[in-house]
Structure formats: structure tokens, C-alpha cells
Amino acid sequence: MLFLSMKMSLEGRSFAASQLPVRGRPSVILGTRLNMSVLSPVAKAALRHPVGRVRGNGITATVFGATGFLGRYVCAHLGINGNGYVVPYRGDDLEVAHLRVSADLGNVAQQPFHPRDRDSIFEAVEGSDIVINLVGKHYQTKHMLPWWINYTYDDVHVDVARTIAEVAKEASVPRMVHVSSLLAQPNSPSEWAASKFRGEVAVRKAFPEANIVRPSNMFGPEDRLLVWMGNRLSYGGIPVVDNGDAVIQPVFVNDVAKAIYHITQDETIQGKTFEFVGDEEFTYKELADYVFDITKQNSRLVNLPLPVAQAIGYFCEQFPDPKFTRDWATRLSLNEIKTSDLPGLRELDVEPTKLEKEAPNYMIKFNPGGHFQEVSGYH
């Protein structure tokens, strides 16, 4: 291991991106010269030519929204390939502690920030090679008073994104990646999707060299697609909007993270827009039927006309962390497929993962009896 010298803050809780240690060839452990003669040939080779997360020849990235669905996978790809990253966070630092194990010791910095405090954002991005903005919200955060909204879609997807881009430019950060959505359209019936488009415009105005990433609806162990459907099984069935006829091209979350990582490693990629989708198209009804099949649940499909689904969404919005919203209902009625010739996953050397390959691995928890029914004699 390395002898790490880190300039800690006065509180001893975090350090700036510019203070992340520069990693070199490991030759010293805790200040004591390592006796190479006692090591095996394999260990000697590993120390002379470090690989993976200990090789220490990567970049330093600031990852906003690292605690979200996509964020943990982006951090994992950065960390396991020897890069350092800064994790800006709000609230308790324990909420981001799990992200520290993705990289080698000393290559992760936790930086408290507030999205409306430009100085705290500056501290988080100063000295970084790239800023990655994954900040997003699938519902509008309400106050106890129903007319008081703490963060609207525009607050999060436009204003926060613009501020991060402006501060990154002020801090002379050379590169930026901003994650939007395949649904981003200026006149979308979904306010969420329209705000995503306005966010793209704001970022490009503040940081013209920024790369925009538009993923389709992502599937993975913590998704709001298949897992959301699986959770509905215990409530009497899976709801679909307008017969579930809307078509989507779901993309594996790890493929998106891997592609973003490849963007961070190529300095020639500047000012481009990418659209990430899977190879397969499904209707929401087909996805619901697939969930029934792999979970072995004899549940039912609940068809909701859009106005009815929006009314249910309005009711759910009255609770903290709503599991359904009016805008969510609207998005379930929209096609989410790639129609442009913009570059995608394959242009970044990422082969799209089939849904049928990954989904059973995490959807098995919804099976009656779980994995115990899949392995004979394992009880």
C-alpha cells in the first residue's frame, strides 16, 4: 500500500479535490521500506505494475448526484480503474460512505455542499479534471404546506444544472458530462421531460463543451421500472396506462455508467450529445407480462386510462417520497425510443446488455420463496 498524505480540513471530515493524493508506484508501507525479497513473484509484479483501482494514473472527477441510481455505478467504474472522485453531499456524510469502497484508500473525497450555495459547489469542483452532473428528481419535493414546493423540476433540472455548469467553468474545470433523458423535449406533455430539455439548454449555454447524455428508462437492481412493477404485485397487480401500449427501449444502468466512464477517459469528446438505449423494444404491457413470468406470480394487469392514473398520482403526491405521481403517469403513456442518429453505446465501445440476461438476477426476490425455490436442496 501507499503512504497517503492528505491535507484534511479543520473539521477533519473532508478535503478538496485539488488535495486528492497523486498515486505512484507502491513501495512504502506506513513509512517503512518494503522488503521485496519476501514477496512472491505475483506480488512483486503487482507492486511494480499496479492495475485496477490501485494503479493511480487516472483522473479526478466530481460526481454530483452520486447517491442516486446511476451514481453508484459511475463511481464504481471510476474507482476500480484507478481514478479519484469527489462526492458532494447534503445531510449526513454516512449517506455517501458506501461510495468510498469503490476506489482505493485516499482516492475518494466527501464534500458537503448545498445546491443553492455557489461557494460550496466551487469547493467541490475546484481542481477536478471533469464534473459529472447526475442530479435529478422524479417528483417535486413538497413542504408540509401544500402550496410550498422546496424543489420543483425546474429548480433541480435547470437551475441546479446551470449553477454547476457555471461554477465548473469559473473553476476552470476542462470538461463536463450532464445526464438528461431520452424523453427530453421542449414541448413534452411531461413537465419532468420538458424540464430535462431546458436543463440541457442551460448547461450548454454555461458550458458549451459539456457532453450531454440522454439515457432511456434504465433497468437494474434499484430501478423504477421492473422493481417498481415487482413492488406493485403485493398491492393487487401491476398498473399500466392506456393499455400499456407505449413503447420503450430500456437500457442497463451499468452500460450507461460504463459509457459515461469512457467519456471521462477521452479528452477529445467535447460538446457532443449521446443517446443510450438497449437493443430491444418493449411495450409496458409486455414488461408487466415479463415480470409476471419471471416472478411466477399469478397477479393481474390493471389498465388505467391516463386521467385516472393522473388522479391516483395526485393522491400519491400528498405523501413523502411518493411512489407514483401525475407526471409519472404521463411518462408511462409516452414512447421512449431512439429516433435520431446521435451516437450511442456502441460508439463508446459498450455492447448493450439484454434485459433478459440481468433482470432475473434481481427480480428473483419477488418470487414466492425467492432463491430457495430455484436451487434444489438449498434450505
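No value in this document is a laboratory result; all are computed from the given coordinates. In this text, all values refer to a predicted model and were calculated from it rather than measured experimentally. Because the Cβ atoms are built from the backbone with ideal geometry, glycine has one as well, and the counts that use them run over all protein chains shown.
Once Rg and the Kirkwood radius are both taken over the C-alpha atoms of the range 52-140, their ratio Rg/Rh works out to 0.95. Scanning residues 5 or more positions from Ile130 or on other chains, those with amide H under 5 Å from its amide H are Thr60, Thr62, with H placed 1.01 Å from N in the peptide plane.
Expressed in units of 2.2 N^0.38 Å, where N is the residue count, the Cα radius of gyration of the range 250-334 is 1.51. Packing-based ranking of 292-303, 233-244 yields 233-244, 292-303, ordered from highest to lowest mean Cβ neighbour count within 10 Å. In this simple spin-label model, placing a label point 7 Å from the Cα along the Cα-to-Cβ direction at both Asp289 and Ser172 gives a separation of 6.0 nm. Please tell me which of these pairs span more than 22 angstrom C-alpha to C-alpha: Lys258/Lys357; Lys258/Lys285; Lys142/Lys285; Lys296/Lys338; Lys272/Lys323; Lys142/Lys196? Flagged as over cut-off: Lys258/Lys285; Lys142/Lys285; Lys296/Lys338; Lys272/Lys323. Couplings for the range 81-96, taken from phi via the Karplus curve 6.51 cos²θ - 1.76 cosθ + 1.60 with θ = phi - 60°, read 10, x, 8, x, 8, 9, 10, x, 9, 10, x, 7, 5, 5, 5, 10 Hz in order; Gly and Pro are left as x. Expressed as a fraction of 2.2 N^0.38 Å, the value expected for a compact globular protein of N residues, the C-alpha radius of gyration of the range 290-369 is 1.48. Length gained on full extension, Asp279 to Phe122: 52.6 nm, using 0.36 nm per residue less the C-alpha separation.
Couplings for the range 197-211, taken from phi via the Karplus curve 6.51 cos²θ - 1.76 cosθ + 1.60 with θ = phi - 60°, read 5, 4, x, 4, 4, 5, 5, 5, 5, 7, 9, x, 7, 4, 9 Hz in order; Gly and Pro are left as x. Quick one, what does Rg over Rh come out to for the range 105-228 if you take C-alpha atoms and the Kirkwood Rh? Using Cα coordinates only, the ratio equals 0.99.
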